[in-house]
Every structure is written in C-alpha cells, then in structure tokens.
There are 4 protein chains.
Amino acid sequence: MNLRSVFPPMPTPFAGGDLDVSAIATNIERWMIAGLGGVVVLGTNGEAALLDDEESDRIVQAARPHVPRDRVLIAGVGRESTRGTIAAAARAASAGADAVLVRTPSFYRGQVPPAALAAHYTAVADASPVPVLLYNYPAFTGVTLSADLIKETSTDGAQFIDMAAAVPERFTILAGSAPGAYTGMCAGARGAILAIACVLPGLCLQLLALACAGRHAEALALQQRLTPVARAVTTGFGIAGLKGAMDLAGYRGGDPRPPLTPLAPDALDNIRTLLHAATH
Amino acid sequence: MNLRSVFPPMPTPFAGGDLDVSAIATNIERWMIAGLGGVVVLGTNGEAALLDDEESDRIVQAARPHVPRDRVLIAGVGRESTRGTIAAAARAASAGADAVLVRTPSFYRGQVPPAALAAHYTAVADASPVPVLLYNYPAFTGVTLSADLIKETSTDGAQFIDMAAAVPERFTILAGSAPGAYTGMCAGARGAILAIACVLPGLCLQLLALACAGRHAEALALQQRLTPVARAVTTGFGIAGLKGAMDLAGYRGGDPRPPLTPLAPDALDNIRTLLHAATH
Amino acid sequence: MNLRSVFPPMPTPFAGGDLDVSAIATNIERWMIAGLGGVVVLGTNGEAALLDDEESDRIVQAARPHVPRDRVLIAGVGRESTRGTIAAAARAASAGADAVLVRTPSFYRGQVPPAALAAHYTAVADASPVPVLLYNYPAFTGVTLSADLIKETSTDGAQFIDMAAAVPERFTILAGSAPGAYTGMCAGARGAILAIACVLPGLCLQLLALACAGRHAEALALQQRLTPVARAVTTGFGIAGLKGAMDLAGYRGGDPRPPLTPLAPDALDNIRTLLHAATH
Amino acid sequence: MNLRSVFPPMPTPFAGGDLDVSAIATNIERWMIAGLGGVVVLGTNGEAALLDDEESDRIVQAARPHVPRDRVLIAGVGRESTRGTIAAAARAASAGADAVLVRTPSFYRGQVPPAALAAHYTAVADASPVPVLLYNYPAFTGVTLSADLIKETSTDGAQFIDMAAAVPERFTILAGSAPGAYTGMCAGARGAILAIACVLPGLCLQLLALACAGRHAEALALQQRLTPVARAVTTGFGIAGLKGAMDLAGYRGGDPRPPLTPLAPDALDNIRTLLHAATH
C-alpha cells in the first residue's frame, strides 16, 4: 500500500439533501487522472458525523470502482465507542476500503485517559480486517495523541519531529494540514491528506515532489503560494468553502448538510480571488 | 407536563457489554418510589454517544412501563445533523418518550454560527411529535447557546439570570449541575436534572423544596453538604464514578462502555467516603 | 474595618496623559456622599498595570483625605514578584491605605504551583503593615486560587459556595462581578467590589441590602435590571467603557492610557441606552 | 547589526535575593567565547517581570563590557503601558543596549485590539534611540501578533511561513523556540533566541549552520537530539530548570526569585540525564 502521495479528503456531495452518488464518481475520476494517490472518504471534510451508517456504506461502495487497485481507498470509521468503531471498520472493509482512518473519540474526552485511548486504538487495529491509519486532528477532536501513537497531524513543526522520532521506521507520516505541509515534510512526513488537494491536486503533488527532492527554496515558495487558499477552504470557510472552491474548479461540490450552512456569496468571491492568486 | 421537579439522568446499565434491560427497570422503579419527577434517558450520563440507534430505541421502550403517566419520560435525541436529530426524535416519541432533550451539535462547532444553531433547534422543534427541551452543557459540547435559546445550564449564576430574563414566562428552567443548583434556583430555576439524583434522590428533592419555599439558609447548608459528592460523580470521576456511587447506594450501576474505563478501587473508596459525609 | 458594603474600584483619571489628582478627589467625594463603604484604588479597573510606582503612591495620597475614617481605603498592590508586592504594600500603607488587595501573579503562571502561590500570599500577609485582602479575578490573571485561599470572585455560584465553606468564619467574602452579585450574595458574599458601583452606587447598595434582608424576589429583579449595563462597563467595553459611563453619570472619567484605546462614539451611545434602561 | 546568529536569553543570577553582577560577567564571557552572536538580557527567561527598574538598568550596564562591539546586546523593555515601554527603551539604550526587544502587553489583552497593538509598537519604535525587535511569545503573553507585525515566534511551521511572506525583505526572523528551530529555519528564520543556547551554545550554532547550508538530514538529526533537553529547560521545568542546567554545564545559574520556586532534586536528575543524552 503506497501512502507516499497526496490524498484528497473527499467532501460528500448531496442532491436535494440525499447522497449524490454520481458526483462521487465524477470527482474521484478527475482526482485519479490528476495523479493523486487515492482518496479518503468519510473524513471530517466528508461530513462523516452528519451521515448515517447506511449512507456511509454506500459512499465506500460508490467510490470503490473509481479508485484503481494501485491507489488507496481510505475510509474514515472513527466512532465514539470502541465497539462502534470496530463495527464501522468491518463494514467499510467489506464495502471495499483498502484501509481505515480512525479519528480520536472526543465526546467524553475528559474521561478517556491516554491508556484508554491506546486500548481503543489497539482494539480497533486488532479487529480491523484492513490496516488502520491513526489520525490526529486537534482542532476538531480536542485531543492530541501522545507521540507514540500518532501518524498524522497539524502545523506544528516540533510535533512532527517528535512523531518522526517516536514511530517505528515502517510508519509513513502524512501531513494533515496544507499550511504546515512543507515544514511537515522537512520534519519527516512523506505524504499528505490535504483539503486543498480536492481543488488543486497538481500543485499539492508538486509540493510533495519538491520537498522530497530536497529542492527547498522552490518548495517553500510553492507553500507560500498555496497557503492562503488552503486556509480559506479549511479554517476560513470550512466545508462549505471547500465545496465552493471545488465548484469553482470544475468539480462537483454543492452545499453541506444542516446545521452546516451554505457558502455566502461574498465568501465565494473571496475564494475565487485566492484561487486565482494561487494559480496565476 | 410537570417539569418542576428533579430528574435523574439515567446511566445506561450494561451486562457483558450489552444492554441490561432488567437493571433499567429496577433503577427507575426505585427512583419513582423516591418521588423523582420522571427520568431522563439517553443523555450525556446515559453514554448516548456510545450507543447505536437500535439500542437507543430499546432503552426508551424499556423505561416506558416504569414511568407513571403523571411523571415525565425524557429522551436525549441530539445528533450532529439536523436530519439525524429529527429522525431520532421521531423514533424516541414512537418508543414512548413524553419529551425529547436536544443537546447542541458540537463536532463542527466552529462552522455552526448562532443563526444556524437556531435554525437547527427550530427545525427539530417543528418536526418533533413531542415537546423539545433545549439543553446546554458547555463542558461537553463546547458550545454555549445564547440566552434567547437556552433552557438549562451550568453553575454560573449570571448566566441563569440572563436565561430567566430571556425566555418566555411559560418556560421552566432546569438546573443542570448539582454544585450550582441552589444558586440556579435563586436565579429562577424551578427544577433540575442532576446526576447525583440517581444516587441521592431524596436530598435533591429536599434542596428544590427548600429553595422554592424561600428557606435559603437551610437550602444553602444542604447545597454545601451535597456539593462534594455531586462533584465526585460528575467532573471528578465521570460516568464510571456515577455508576460506582449507584452501586454503593443499592442501585445497579456497573461499568461504562469502552473507551470509558471502569472505576479504580481507590476512586470507589473516595466516593464511599464522600457519600457517607453527605448523608450522616 | 467594615467590609460589609459596596466598594467602587476607582478608574484612574488622566489629564494630558498625566494623573489628574483633582478628579480623584471629586469622584471619591461623590461616592462617599452616595454611601459607599470606601474605595478601591490601583485595582485592575484603576489601570494599575499601566502606572509607575511614583504615580501609584500619589494616587493613594490623593485619595486618603476624601475617605472618612469609618470607611475603608483599599489599595491594589499585587506585583509579579513577592519582593515587589511586599514593597508595594509597605508604600501603600505609608501613603494611607487601610488595607491592601493582592492580585495573583500571572506572568509566569505555569511556573507557580499552588504551594508557591500560598507562600507568596503568606509572605505578603506577614510583611504587610495593614490587612491583606485576597483577590481572585480569573479572566485577567488566568489563575484561580484554590478555595482555602480566596476571598473574592467571579459569577460562578458553585465557586462562591465552595469559598464560603472553606474560609474561616471571620472572613468577609466580597462579590467581584456585578452580573453574579445577587447569586454570590445568596451563596454567602456580604459585600462587593463592583465596577458599576462607580456609576450607580445607590442601586448597588440597594441590591446588597435587599439580598441581605432576604427580599429575594426584589433582589433578583434589581439584579436583572443592573446586569446589562454592568456588563457593558466591564466585559463589554472595558475600562474605556467604565470611564465613559462615569462621564455620562456626572463623574470624571476620561480616556484610558495607551495601549488602551478611547471609547468609540457608538459604544458611548450604547452605554447611554443601557444606563437609561437600568435607571428608568 | 548582525542578527544571523544564535542568542542566549540570559537568566538573571541572584545571590541572597539580590543581583549577582559577577555571575553576569562570567556567563556572558563564556557565551562569547563559544561564538554566540551576542546576548539577550531582561527577557522572559531573565525574570524581567520580577525585577524593578533600577535592577534592570544595572543588568544592562553589567552586561555591556562583556559583549564585543561586533556582537549584539539586546535588552527586553516591554511594559504594559506604551509610556512605560518607551521609558524603559530609553533607559536600556543609555545603559548600553544595541537593540531592544519588546514583548506584547498582555495584562489587558482583551482590551487591546490589533490596531492599538500596532500603534503601541509604532510609538515605541519611533521613540526608541536603538532598533526595536518585535517579539512573539504566545504561551506567556496570550497574544499572537498578526503576521504583518511579528519578527519572532513559536514552533508552528505555518506561522513562520506567514511571517516570512509578510515582513519586508530586510527583516531577520529569529526562531524563538528550540523544538521548532529547524522547521523555523526551513521556513525562513535566519537566527534564533534559544534558552538551551545558554547551556549548549555550540550545538545551537551547529544547528543553524547545518540548516542554512542546506544539510537538512543532519540538521533534522541534530534537532531531534536537542529537543528533549530544550523542552526540559523551558516548558518542562521553566526558568528554574534552565538555571539548573546552567549549573550542571559549568555556568552560574542558581535559584529564581519568588514566587518562582527552586528546582526539585529529582528534576535536576532528570535534566542531567537529558543533557547527557543530548551530548553523548
């Protein structure tokens, strides 16, 4: 399984409030043509927390035929309970996922000490029919995994270095935030899951290639070019912003599911300007 | 529907990892005999986030026969999506709930502005076959509703007063945290949902009665007596602590579901001491 | 020393960037006529952190002749070092302060464990020629004293009750935040230091009197009337807002010292409206 | 003025509670022999917040003769008021400082909007007789400067890149946290102010040299070696830890000033172990 690439965390497309399966196919086909290493479905950007189990299964099934066998179909399966996460991993695997990504349980975070979190991940890894990718997204889950557990992270250079020092050699560390992608790669990341890769897959692949080739000045310049629009589609305007940017770039984005709100027109203008600046 | 009473937020009992339906019956029977105003199932203390939909339905069904018609069976139905919350409210109502309690969506909190939150609650209230109780538990959800929406809250006296001033006359405000119950009642609360009421229902009813009767010195003294053990079964030792205290008091508590962890023996000793101090 | 009253935390008046000693006299004279129990100078609202030592001394000296001997002149003397705090307490006492108020050191808060904080307060209390009032203002200092040390606090009803239970009988607890004043008094406070008392001394004294007389419904109603404008002159518009409200009420407020900024005109209009609503 | 080097933020040595001027001389002499680019006095690690003005002046005067003219003597002069900061800058310059470092005012942070912060820095820069270095230390001051103002920062790679993109070409960005030094240098920093440079000046200079020479693999390996002990003398054991490490390395550290507490013996053992690991 080759994780040394860039993966887009697919937003879930809706039509009239229901899943839009054809849009899934269209978007993934384009990403594969652009050369991305596969796709992550049912992640945070996939509005996984807003979907029911049956919808989740259909999304994996809809994605599978469009991800070539030499690429990787990764499905988010994190739930609040260990039992629920194990069940979701089994369902995702049987629907065709190559690997599962397990976010940290967060609802009862004050009541889950580090040892319990380790037990959670271990139980899931033991039970899952496919490999488990660990996931660290502090802004959303409010829990930062300690360094001997994690496999992906934020923009903190020091944290990346800790992780690289702590994980076994065979681990691939994936950068999980575009603004910190280049420094993450300096610190040991060898791939990335980046929201902006849904919109600008080529530039993201180029950033990874430059950093891995030791062409630091070019990588830094490209990072500086990517950062403003990458922020707009994440911390700036959230999932609605990412979907709006996809619409602008010819993908099928659309609106998020309530209580998330559609993108305001001036936010779309703002994103259009940033997208233009990053690509011209 | 009489909400001017005290309600226990029922922890969900498990046996061998599965629901223990008989323990639900036993606990609720005792609480009704003790005079509590009904019961809240599927709340935060009910480990609702760790249960699947089918289990949630069975809990409401199991509780229904044991809650007399002049008391109130309240079911927590909050989900991250508006759609999911509406579906859960419909299922809870058809399983027998008299009212539903809707916690604030929290996973995408940065992406749900106040107007979207208001729209969420309005959509749920419009669709629900039974009355909707609003719910405000900042420590868990990370979102504090603005005063024109809320109906229950924390230990902050000023926030209670805001709420009392903001909601229509017909609203009943329920205190949601035992350490702030007395000051909440001073500020306008006329009932309460208190974890410690699962263990010490009589003292909680007495506190409400004293405060409502204007016997402030006695109410304050009782509050001071209740606070240490009330803290132990919430912020101190969490759901495992509440279940442990129930076991000590003759109820059926047991262990929580992973990744929550069983109570350590010294924590149980600690709770035993505090329980003794509050009742002797 | 009678602390069972309401005390205004005097803002420091400036003229052309320097101390305006005559404005100090004017304001204190009016507060004493209104019946307040004394005055607090050099507190957070007094911009103490923006003053040098020589200015601090002159403020205490300027205030002294205008505070009758049966009232209390309290001076804030908290510094980051124990040594500096002791020196400031000695200077304040020799300039005429009846008591000193010691805020929690905050700059190195991560490096001052509870025992070191206790040692700090003990050393200051041992060295001070006048009584030391403990002070707890978490929003500014970022440190919440544990219950066996504190003497004044926020809006949290539960925290007031803890404090009342923890401190020796002879302690007077002063409410330190107007929106939580009534619930604080329910929970055991017998006096208050309230920014809004600089503007509306009579209503603040009335609130204390009603609460202490057990006239809870009237106290609650008055609290609800005071809260909006009390918020505006603290969390809403800060020290500039408090000074602006004083100007509106006939006191001598003026502008704060940079980097604090003068009040914007629309903020002043907002405060005028709230002041009118609270008093009509 | 050559800032493209590593600077130690000198802890202030005390003897019997008073300044130890001879220890200042000894430490700076050794750092200059080790090749560091100068020294920063009166910074956060210098316990500046615990010193009075007269002591501050004496420290600059004591340092001056030991910093060669081709190195840089930098003095921290940040105060809470603009007026106080300007006065401190003038005093530091007349005592011999080559440049002043201005931390962000933090006590009233909620009341100082970005424009007021910019006005503060501009006023100080206009008035200062020597160049002003901007300073950004979010953990202590709680305020993060916006990118168009800052000149030094934390471990966040993305923030470094923002800064490098925002500041004029002539600015030198200094890394301010050892664990993020290497990624900061990847992102554009060309020098550093590092607490661990007080203890291990040679390794810090080597890290900067490797990163600037594009020898990334060696720089990353050295960073991984430095990080554990660098954390111990900052976030781990604070100023007492830094002083303890200096004592172990043959410098003159000693105890901090109360309310900071002396290093516990087991903490010293811990630091000794980490120091050994970093250097063997």
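The values are calculated or read from the model by the stated rules, or taken from the named source; none is laboratory data. Note that this is a predicted model, so its numbers are computed, not measured. Because the Cβ atoms are built from the backbone with ideal geometry, glycine has one as well, and the counts that use them run over all protein chains shown. Accessible surface areas use protein heavy atoms only, side chains included; no ligands, DNA or RNA. Shrake-Rupley method; radii C 1.70, N 1.55, O 1.52, S 1.80 Å.
State whether the protein assembly as shown is rounded, prolate or oblate according to the following rule on the C-alpha gyration tensor (a ≥ b ≥ c being the square roots of its eigenvalues): a/c under 1.5 gives rounded; otherwise a/b larger than b/c gives prolate, and the remaining case gives oblate. Oblate is the answer for the protein assembly as shown, as a/c is 1.5 or above yet b/c matches or exceeds a/b.
Can you give me the relative contact order of the stretch D:6-215 as a percent, contacts being Cα pairs under 8 Å and 6 or more apart?
Values: 386 pairs, mean separation 40.2, N = 210.
Dividing the mean separation by the residue count of the stretch D:6-215 yields 19 percent.
Over chain A, dividing the summed -39,500 (n - 2.57) contributions of all DSSP H runs of at least 4 residues by the number of residues returns a 222 nm mean residue ellipticity of -13500 deg cm²/dmol.
The relative contact order of the stretch B:157-230, computed from alpha carbon pairs under 8 Å that lie at least 6 residues apart in sequence, is 30 percent. Is the shape of the stretch D:37-146 best called rounded, prolate or oblate, per the rule: a/c under 1.5 gives rounded, else a/b larger than b/c gives prolate, else oblate, with a ≥ b ≥ c the square roots of the Cα gyration tensor eigenvalues? Prolate, because a/c is 1.5 or more and a/b exceeds b/c. With label points defined 7 Å past Cα in the direction of Cβ, position D:L248 shows copy-to-copy spacings of 4.3, 5.2, 5.9 nm, given to one decimal and shortest first.
Note on the protein assembly as shown: with neighbouring protein chains present and a 1.4 Å probe, carbon and sulfur make up 55 percent of its accessible heavy-atom surface.
Summary for B:T279: label point 7 Å along Cα→Cβ; distances to the equivalent points in the other copies, ascending, 5.5, 6.1, 6.8 nm.
How large is the accessible surface per residue of the protein assembly as shown, computed with a 1.4 Å probe and reported in Å² as a whole number?
Heavy-atom SASA per residue in the protein assembly as shown reads 35 Å².
Label-point spacing for A:Q61 across the identical copies (point 7 Å from Cα in the Cβ direction), in nm and ascending order: 2.6, 8.4, 8.7.
Backbone N atoms of the stretch A:8-29 closer than 20 Å to the 7 Å Cα→Cβ label point of A:D70 belong to residues A:8, A:28-29. What is the stretch B:1-78 by shape, rounded, prolate or oblate, if you read a ≥ b ≥ c off the alpha carbon gyration tensor as root eigenvalues and call it rounded for a/c under 1.5, prolate for a/b larger than b/c, and oblate otherwise? Judged from the Cα gyration tensor, the stretch B:1-78 comes out prolate (a/c at least 1.5, a/b above b/c). Taken about its Cα centre, the protein assembly as shown carries a charge dipole of about 0 debye when Lys and Arg each add +1 at the Cβ and Asp and Glu each add -1 at the Cβ. For the stretch B:6-215, a simple Cβ point-charge model (Lys and Arg +1, Asp and Glu -1, everything else neutral) yields a dipole of about 420 debye relative to the Cα centre. Checking Cβ-Cβ separations below 4.7 Å across the protein assembly as shown identifies A:C198, A:C204, A:C212, B:C198, B:C204, B:C212, C:C198, C:C204, C:C212, D:C198, D:C204, D:C212 as cysteines lacking any candidate disulfide partner.
Peptide C:257-268 has a mean shielding of 4, counted as Cβ atoms of other protein chains within 10 Å of each residue's Cβ.
Computed with every protein chain present, the accessible area of C:V41 is close to 0 Å² [probe 1.4 Å]. Derived scalar couplings between HN and Hα for the stretch C:19-34 equal 4, 10, 5, 5, 5, 4, 4, 4, 5, 5, 3, 5, 5, 5, 4, 6 Hz in order, rounded to whole Hz, by the Karplus curve 6.51 cos²θ - 1.76 cosθ + 1.60 (θ = phi - 60°), x for Gly and Pro. DSSP finds beta bridges in the stretch B:6-215, and of those with both partners inside it, around 10 percent are antiparallel. When the Cα positions of D:L203, D:P105, D:G76 are compared along the charge dipole of chain D, D:L203 comes out farthest toward the positive end, with charges on each C-beta of Lys, Arg, Asp and Glu. The label-point distance for D:V21 and B:L248, in a model that sets each label 7 Å from Cα toward Cβ, rounds to 6.3 nm. Taken along the Cα-to-beta-carbon direction at a fixed 7 Å, the label points for A:A123 and A:T235 span 3.4 nm.
For chain C, the calculated P(r) over all alpha carbon pairs, in 5 Å bins from 0 to the bin holding the longest distance, is 1, 6, 13, 17, 20, 19, 13, 7, 3, 0 percent.
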